[in-house]
Amino acid sequence: MLNTNTFDESGLISTLIMSLPGGKFVLGIWFLTAFILFVTTMDSAAYSMAATCTKDLDTWGDPAKPLRILFAALLSVSPLCLLWAGSTLSGFKAVLIITSVPVSLLIMCCVISCHKWIREDFKSWSRDEIISYFSVEEEMDALSADDVLAGAVIEHDGEEKIA
């Protein structure tokens, strides 16, 4: 049972899970799930930041691994420093808000870049022309599942596209 006199919000989840039958097992599963969520989120954020900062990156190209590692390390520094300093949950919340500003700026730069790209490439096109340019439904219906998995090349409006 939770003691309301010594309430610790950072340990609330683990205390609650440990009070359940099989609490250690459930806590282990919860920890593993949270760890996987954290790692995939960190990898996605580092990849997106590295791709944003890479000039002339091909459509299917990957940013350099050292750049991805750099962004992952930079994203990890502030939480690790807070853990080392023994900060409270409110300290983590404050740092999270502060570190979200650069990420938000990168996202805004991506949106502006995408808008410029669309206006540059499709400025005189109508909405229907843009949709038909990217529509490959008829060609995809004619392909078998094996062709799609093999990366079959289809021709659409005089251009080759990979299925």
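Summary table
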{"quantity": "Thr99 being more than 14 Å from Ser48 (Cα to Cα) and touching a residue at least 40 places away in the same chain (Cβ under 8 Å)", "calculated": "no"}
{"quantity": "Qualifying residue in segment 104-113 (condition: surrounded by 10 or more Cβ atoms within 10 Å (Cβ to Cβ), modelled with pLDDT under 80 and in the same structural domain as Cys53 (by TED's automatic domain parsing))", "calculated": "no"}
{"quantity": "Verdict on Asp128 being without any contact (Cβ under 8 Å) to a residue 24 or more places away in the chain and either charged (D, E, K, R) or surrounded by 10 or more Cβ atoms within 10 Å (Cβ to Cβ) (or both)", "calculated": "yes"}
{"quantity": "Selection from segment 61-79 of residues that are within 22 Å of Ser104 (Cβ to Cβ) and not basic (Lys, Arg)", "calculated": "Pro63, Leu67, Leu70, Phe71, Ala72, Ala73, Leu74, Leu75, Ser76, Val77, Ser78, Pro79"}
{"quantity": "Asp58 being surrounded by 11 or more Cβ atoms within 10 Å (Cβ to Cβ) and either hydroxyl-bearing (Ser, Thr, Tyr) or farther than 22 Å from Leu105 by Cβ (or both)", "calculated": "no"}
{"quantity": "Looking only at segment 127-144, and only at residues there that are assigned to a helix (DSSP H, G or I) and over 22 Å from Trp117 (Cα atoms), the one that is modelled with the highest pLDDT", "calculated": "Glu137"}
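The values are calculated or read from the model by the stated rules, or taken from the named source; none is laboratory data. The model shown is predicted, which means the values in this text are computed figures rather than measured ones. Note: ideal-geometry Cβ built from the backbone for every residue, glycine included; neighbour counts use all protein chains shown.
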